[in-house]
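A quick write-up on the structure given underneath.
Nothing in this text is a laboratory measurement; each read-out follows from the coordinates by a stated rule. These numbers come from a predicted model, not from an experiment. All Cβ positions, even for glycine, are placed from backbone atoms using ideal geometry, and neighbour counts span all protein chains on display.
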Amino acid sequence: MANTVIGPDLVIDGEISGDESLVIQGTVKGRIALQEKVSVDGAAVVEADVDARAVEVSGRLTGNIQASERVELRGECRVVGDIRAPRILIADGANFKGSVDMDVKER
């Protein structure tokens, strides 16, 4: 299944839901609920709660993250919000402010 891409010049304000993977290069405000992976690229700005199978952040994300499998915060990211996932990777250099909950039961 191919990734859906929100390009660097796009701004979306609202709710995104579905069962595909999503790559965000632009700006998203609201809520993101996907069955697959959400990737926030380095130049992206996300102001939304994110619920997905896996979440990978290289850009800026303000909001709570919930993942059924894993969350990865890359070295260049800035995240403000709480994270809830069974596996969490925070790379050296990542900027993170919030709480982490890894005591997640199966959905």
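Details
- Vicinal HN-Hα couplings computed from phi for the stretch 33-42 (Karplus, 6.51 cos²θ - 1.76 cosθ + 1.60; Hz; Gly/Pro x): 9, 10, 7, 10, 9, 10, 10, 10, 5, x
- Amide H to amide H, with H built 1.01 Å from N, Gly30 comes under 5 Å of Gly14, Glu47, Ala48, Asp49, counting only residues 5 or more places away or on other chains.
- Correct option for Rg/Rh (Cα atoms, Kirkwood Rh) [calculated from the coordinates] among (i) 0.93; (ii) 1.02; (iii) 0.97: (i)
- Calculated from backbone phi, Karplus (6.51, -1.76, 1.60) coupling profile of the stretch 87-94 in Hz, x at Gly/Pro: 10, 9, 10, 10, 6, 4, x, 5
- Ordering 41-50, 28-37 by mean Cβ neighbour count within 10 Å, with the highest value first, yields 41-50, 28-37.
- Stretchable slack from Met102 to Val80, in nm (0.36 nm times residue separation minus alpha-carbon distance): 6.2 nm
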